[in-house]
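See below for the structure under consideration.
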């Protein structure tokens, strides 16, 4: 089962391609790396994760600090169920470049697989803080995890989310789920962080803005903060 396709190397290739003079030995080395990576990518797409893992690992022997190769290897390890390795590799990814989303996202998927949904949500949100182009796949995973988080600790009947690539629809679904989360006082912080992300992602969308204000207004009312509730509704 391919549990992570989002940041496969064909989408986010960062393998260095130096156009300046390169030592002939380095050129040969780079050629080997690219050849191994190409074969690994092909195996990954065929769900041959053990083969992909071994090929990425071979390529990494030439350059342990290659971000893209480390990311791809981590994705293969995740699909193989090697969760402990995923946690150590995602730490490496974040150390290599904390401004990229892959490390946070893959760690979030790993936490989701071991049912630590609050930590998964935390790392999905950190991934979204560092990603602008491919947010929808992260948002879709975030929605699924929030639903599981609510079902784990709440008797509320929550329908499984409909899988859609419509970003606005997914952001509205997240907002709706936060309404449920905010009724669980111990999870207010996570819910507020999600709502802040939604607002940041689509600040000018009238429908989203309206839903956000309704959810926050209801929250302040339930907190008996009536002045703030009134101000929120008036917005």
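Read the figures in this text as sums done on the coordinates, not as results from a lab. Just so it is clear, the model here is predicted, and its values are computed rather than measured. For neighbour counting, all protein chains shown are included, and Cβ atoms are generated from backbone atoms with ideal geometry for every residue, glycine included.
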Net lengthening on full extension, residue 87/residue 158 (0.36 nm per residue, minus Cα-Cα): 22.6 nm
Zone of residue 129's modelled label, taken as backbone nitrogen in the stretch 69-100 under 11 Å from a point 7 Å along Cα→Cβ: 99
Segment residue 113-residue 196, extension gain: residue separation times 0.36 nm, minus the distance between their alpha carbons: 27.3 nm
Difference of contour (0.36 nm per residue) and Cα-Cα distance, residue 27 to residue 169: 46.4 nm
Sites residue 65 and residue 186 - FRET efficiency at Förster radius 25 Å, r taken between beta-carbons, to 0.05: 0.05
Ascending count of other beta-carbon atoms within 10 Å, so fewest first, for 98, 71: 98, 71
Tensor-based shape of the stretch 124-174 (alpha-carbon gyration tensor, a/c under 1.5 rounded, otherwise prolate or oblate): oblate
Residue order, fewest to most beta carbons within 10 Å, for 147, 109: 147, 109
Centre separation in Å (Cα based) which lies between the stretch 79-116 and the stretch 27-77: 17 Å
Cβ crowding within 10 Å averaged over residues, with 168-179, 192-203 ranked highest first: 168-179, 192-203
